[in-house]
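Notes follow once the structure below has been shown.
Taken together, the values in this text are just the output of simple stated rules run on the coordinates, not laboratory data. Note that the structure is predicted; figures quoted are calculated from it, not measured. All Cβ positions, even for glycine, are placed from backbone atoms using ideal geometry, and neighbour counts span all protein chains on display.
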Amino acid sequence: MRQEPFVVPGKLVVPYRYFVGRLASKALIALRDDKKVMGVRCPTCNLTYMPPRSTCGRCFSKLEELVEVGDKGTVLTYTVVYHKEPVHPMEPPFVYGLIKLDGADTALPHFIGEVEPEKVSIGMKVQAVFKDKREGNILDIKYFKPQ
Ligand SMILES: [Zn+2]
């Protein structure tokens, strides 16, 4: 006799705290307190990662040198979100993109605001808009707006 699978839907809510690491702590404190966007530079490859990471993805060197990458950058790609989800920090439609900050070699996923979604384009120059009350996370940048 074939048994039909019986599925029970459920939902877990798990509050948690974690240590972001020594480098990311410094970077997030600089973002919160001074509106400085920091990356980390590889001394071997000379690549600058933003978001910061502790190991170079290319040569596996240990990364320790924080450098300011600035608050301006370029849209590498983007998508327009029309579907509403409870985890989204804003109402759709909104634009989610990959931003390469001017002083970085990697891209930061973030929101693009103060522009109609159909006017966003690859290669668009953008600038960070900071929240007034910052808490020490990447959403202290509210979004990036066209320069
Ligand atoms: Zn490297």
Query raised in the report: At q = 0.23 Å⁻¹, what base-10 log of I(q)/I(0) does the Debye formula yield for region 5-88 when every alpha carbon is treated as an equal point scatterer in vacuo?
Result: -1.10
Query raised in the report: If you wrap a convex hull around the C-alpha atoms of the chain and split its volume per residue, what is the figure in Å³?
Result: 193 Å³
Report summary line: Once the in-chain neighbours fewer than 8 apart are removed, the aspartates and glutamates whose Cα is under 14 Å from Lys142 read Asp71, Glu91, Glu114, Asp132
Query raised in the report: Hey, what do the phi angles of region 137-142 turn into as Karplus ³J(HN,Hα) couplings, whole Hz, using 6.51/-1.76/1.60 and θ = phi - 60°, x for Gly and Pro?
Result: 9, 5, 7, 5, 7, 5
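Rounded to the nearest 0.05, what FRET efficiency do Asp34 and Met1 have when you use their Cβ-Cβ distance and R0 = 41 Å?
The value I calculate is 0.05.
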Report summary line: Semi-axes (Å, rounded, descending) of the ellipsoid equivalent to region 44-86 per its C-alpha gyration tensor are 29, 14, 11
